[in-house]
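Remarks on the structure that follows.
The values are calculated or read from the model by the stated rules, or taken from the named source; none is laboratory data. Predicted model, so just to flag it, every value in this text is computed and none were measured. Glycine gets a Cβ as well: all are built from the backbone with ideal geometry, and neighbour counts include every protein chain shown.
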Amino acid sequence: MLEVRDVEARYGDALALSRISLEVAEQQTLAVIGANGAGKSTLLRCLAGLMPVSAGQIRFRGESLDRVPAHRRVAAGISLVPEGRRLFASLTVTDNLLVGAHQRRPGPWDLDAVFEALPLVAQRRDRYAGALSGGEQQAVAIGRALMANPELLLLDEVSLGLAPVVIKQVYEVLPAIKAAGTTVLVVEQDVRQALAVADEVHCLLEGRTTLTGPAGSVSQEEVARAYFGV
Ligand code: ATP
């Protein structure tokens, strides 16, 4: 469904991604792991169309995304849950979800389905988003992305700054997302969490691929070497 071929991305002269290649098959979950500064968020920005690639190709359902701007990628079926959630603080939870439905595609997700899959969101539906806890905001950000009925959902650092019990609650929505047939690319610093939810894993270190393979068959030692580069 998603093919990334020899992608490079730069901030000025600095190379943030160096010849990254990966594939995500339909209905699979790929976890991209790596330490601070590895290039994970940069990769998601390139996929969402928020940043140009300086070399290489990204194809979605066989079509190049080269000339497809960010807003048209949502319509094409790619939704990003950005790092830091970026909710509208002065809108209610329900209104934040409706913002996500702006470019709605046909599919299983609507307000009722989001409330059912994300109890954290349902309980707070009439609150202002700015008044929610970090975990609740993260759940709303995921719900907002689902409202567009994406075929490919990009999740950036869902667990960042959240307590372990809250991370568990937020990730409880993933089986429902997979059951809806959605393909998922999740970026995580929390390796254990990433391996628990993913079919495939891709590790980045300083903008380069250091490991790629089925999440169930990579050893802890391999992951540690790839993550820290030792
Ligand atoms: P983190 O977990 O800290 O977000 P990451 O793996 O997502 O890390 P990126 O944010 O993609 O990493 O950063 C990759 C590299 O690009 C780093 O060296 C970072 O310093 C650099 N970088 C990121 N954003 C910018 C920017 N806006 N301008 C210049 N350099 C940047």
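Per-structure values
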read-out: The lone exception for Leu205 - which of (1) out of contact with any Phe, Trp or Tyr (no Cβ under 8 Å at 6 or more places or on another chain); (2) surrounded by 17 or more Cβ atoms within 10 Å (Cβ to Cβ); (3) within 12 Å of Gly34 (Cα to Cα) it fails; value: (1)
read-out: Qualifying residues in the stretch 66-112 (those that are free of Cβ contacts under 8 Å to residues at least 24 places away in the same chain and of a type in the set (D, E, K, R)) - the one farthest from Leu152 (Cα to Cα); value: Asp95
read-out: Those residues of the stretch 1-27 which are hydroxyl-bearing (Ser, Thr, Tyr) and either within 15 Å of the ligand (Cβ to nearest atom) or within 24 Å of His71 (Cβ to Cβ) (or both), in sequence order; value: Tyr11, Ser18
read-out: Test: residue in the stretch 50-65 that is among the hydrophobic types (A, V, I, L, M, F, W, C), within 16 Å of the ligand (Cβ to nearest atom) and out of contact with any strand residue (DSSP E or B) (no Cβ under 9 Å at 6 or more places or on another chain); value: no
read-out: Single unsatisfied condition, Val140 versus (1) modelled with pLDDT under 95; (2) crowded, with 20+ Cβ neighbours inside 10 Å; (3) more than 16 Å from the ligand (Cβ to nearest atom); value: (1)
read-out: Residue that is more than 9 Å from the ligand (Cβ to nearest atom), modelled with pLDDT of 95 or more and under 17 Å from Leu205 (Cα atoms), where the choices are Leu43, Leu30; value: Leu30
read-out: Hits in the stretch 186-200 (condition: within 16 Å of the ligand (Cβ to nearest atom) and either of a type in the set (A, V, I, L, M) or assigned to a loop (DSSP other than H, G, I, E, B) (or both)); value: Val186, Val187, Gln189, Asp190, Val191, Ala194
read-out: Answer from Gly207, Gly229, Gly216, Gly135 - the residue that is under 29 Å from Glu3 (Cβ atoms) and away from the ligand (no atom under 16 Å from the Cβ); value: Gly216
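This table checks each residue for (1) away from the ligand (no atom under 14 Å from the Cβ); (2) assigned to a loop (DSSP other than H, G, I, E, B); (3) touching a residue at least 12 places away in the same chain (Cβ under 8 Å); (4) on the phi > 0 side of the Ramachandran plot.
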site	(1), (2), (3), (4)
Gly161	no, yes, yes, yes
Ala176	yes, no, yes, no
Val184	yes, no, yes, no
His202	no, no, yes, no
